[in-house]
Amino acid sequence: MKKTMKAASLLLVLMLVTAMLAACNSSAGGSGSVSVGIVLPTKDEPRWVQDEQRFKDALKDSEYTTEILFSQGSSAKEKENVDTLINKGIDVLIITPQDGDAAAAAVEAAKKEGITVIAYDRLITNTEAVDYYVTFDSVAVGAAQGQYLIDNAQGTGVPLYLYVGAASDNNAFLFFEGAWSVLQPKIADGTFKIANSSEAEALKDTAELTRDQMSKILGQVTTNWDPNDAKNKAQTHLTAVGADLKGDVSVLAPNDGTARAIADVFASDGEVTSFLVTGQDAEKASIQYVIDGKQSMTVFKDVRTLVTDAMGIAVDILDGKTPVTTGSYDNGKKEVQAKQTNVIVVDEDNVQKELIDSDYYEASEFTGL
Ligand code: GAL
C-alpha cells in the first residue's frame, strides 16, 4: 500500500514536471518544434553562406530551436520554405527575400498564422506583413564606394564604369543612391566621365534621383548580383568604348562577387592601364584580391552584429518583450521598425586591423598579408 502511494506521488511529481517543462517549451518555442525559422536567399554567394555560419555560431548554445533554409535564387522555393517553417510551428520568421516585392506573399501567409516577421538585410517591400528590419546602413555602403573612387582617382575626365545589383533587391537602390550622392557632383564638374550608361549620363546634373530614374540606370548596368552577368556586361562595355574611355579608369562595382568578375575583365584589357574597383561584403576571395592589389576596396559588413540583432529581436518576441529599434524604413506600405548597423571601409592599409585583429577571419586563410 505504502509502495503504491510512493509510486503514485512519484508519478504525480513526474507529471507536474512534464507539464512545467511543456509550459516552458511553449513560451520558448510556441506550439511546434521550431521556434525561429530562418530563410536565406542563396548558397551560390559566399555572403549568405557566411550568414548561415554566423547564425550557427550564435545559436550553438541557444535554448531556442531554429532551422535555416535556402531559397536558391527562387521566390517560389522561398515561399515553399516559409510554408514548411509555418507547418513546423515557428513563432518568428527571419527572412532575406530573394525579391523584395515577390516575398510579400510568403510573409503574408506567415502573418496570418500570427508569426512575427523580421526582414534580414533586405527589406520586404509593398506589404504590411513585415514587423522588423535588421540592416546595415546601405546608403552609407554606396557612399563609401563612391567616396573611395573620388579619393583615389587622379586627374579629370576619368572614365567611370557603373555597375549595380539586382533591381528586385531594394538594397541595390540604396547602394546606388549613396554612391550617386557623392559621385554626381564629381561627374557634373568633369572629374569623372560616365563610360557605360547613357541613362546616367542624361541625368548627370540631377543630384537626387527618383526611384524611376534610378530604375532606368539600373536597367542598363545591373549585374543581377551575378558574377557571370557582371563579366559579360564588362566585356560588352569595354568592347564598345574607344581608347578615350580606357587608360586609368574607375569602376563602381556593387559587391565582391561582381567586383572580382569585373576586375578580371578590366585586368585583361591591354588598353586599361590601371583601374580602381569597389566591392562589398569582405568575402574571403575578395580579401585575397585586396591583399594582392586586384580589388581596391571592400565594404566590411560585420554579419555577427546583424545576426545578434536579428536573434535579439526574435528572443524578445519569444519572451513577450518589445524589441528596441533605432529608426524605420518605408517599404512602400508602412514604416518598418528597423535596427541599423554601421559599415567599415577596408583596403590594403587596414585589412589586417579590421578583419584579422578583430578575429573575423584568421590570418592563415590568406597569403601575403
Ligand atoms: C545585398 C546584400 C549584399 C550583397 C548582395 C548580393 O542585398 O546587402 O551584401 O551580398 O545582396 O547578394
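The table that follows gives values for the structure above.
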item: Vicinal HN-Hα couplings computed from phi for the range 349-355 (Karplus, 6.51 cos²θ - 1.76 cosθ + 1.60; Hz; Gly/Pro x); result: 6, 10, 4, 4, 5, 7, 10
item: Simple Cβ-charge dipole of the chain, Lys/Arg +1 and Asp/Glu -1, about Cα centre, in debye nearest 20; result: 1360 debye
item: Amide H within-cut-off set for VAL39, under 5 Å, with H built and near neighbours excluded; result: LEU69, ILE94, ILE95, THR96
item: DSSP beta bridges in the chain [antiparallel fraction, %, rounded to 5]; result: 20 percent
item: Potential extension, GLU271-THR239 segment - 0.36 nm per residue separation minus Cα distance; result: 10.4 nm
item: Members of LYS77/LYS233; LYS60/LYS321; LYS204/LYS333 lying beyond 25 Å, as alpha-carbon distances in this model show; result: LYS77/LYS233; LYS204/LYS333
item: Within straight-line cross-link reach of LYS353, lysines at Cα separation under 18 Å, skipping those fewer than 8 residues along the same chain; result: LYS284, LYS301
item: Nitroxide proxy distance, nm - points 7 Å out along Cα→Cβ at ALA105 and GLU201; result: 4.0 nm
item: Cα-based equivalent ellipsoid, the chain: semi-axes from gyration tensor eigenvalues, Å; result: 47, 22, 16
item: Helix-only [θ]222 nm of the chain, DSSP H runs n ≥ 4, -39500 (n - 2.57) each, per residue, nearest 500; result: -14500 deg cm²/dmol
item: Backbone HN-Hα couplings from phi across the range 294-304 [Karplus 6.51/-1.76/1.60, Hz, Gly and Pro as x]; result: 9, 9, 6, 7, 9, 9, 7, 10, 6, 4, 4
item: Pairwise FRET efficiency - ALA167 versus ASP347, Cβ, R0 = 25 Å, nearest 0.05; result: 0.30
item: Carbon/sulfur fraction of accessible area - the chain, other protein chains in place, 1.4 Å, %; result: 51 percent
item: The range 100-236 - accessible surface per residue (Å², probe 1.4 Å); result: 37 Å²
item: Cut-off under 5 Å, modelled amide H: who pairs with ILE194 long-range; result: LEU160
item: Peptide ranges 262-275, 77-90 listed from the most packed, as the mean C-beta count within 10 angstrom indicates; result: 77-90, 262-275
item: Partner aspartates and glutamates for LYS294 [C-alpha distance under 17 Å; skip if fewer than 8 residues away on the same chain]; result: ASP248, ASP256, ASP264, ASP269, GLU271, ASP281, GLU283, ASP347, GLU348, ASP349
item: The range 167-241: C-alpha gyration tensor shape, a/c 1.5 cut-off, then a/b vs b/c; result: oblate
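The values are calculated or read from the model by the stated rules, or taken from the named source; none is laboratory data. All of these numbers come straight from a predicted model, not from anything done at the bench. Glycine gets a Cβ as well: all are built from the backbone with ideal geometry, and neighbour counts include every protein chain shown. The area values use the complete protein model at the heavy-atom level, side chains included, leaving out ligands, DNA and RNA. Shrake-Rupley method; radii C 1.70, N 1.55, O 1.52, S 1.80 Å.
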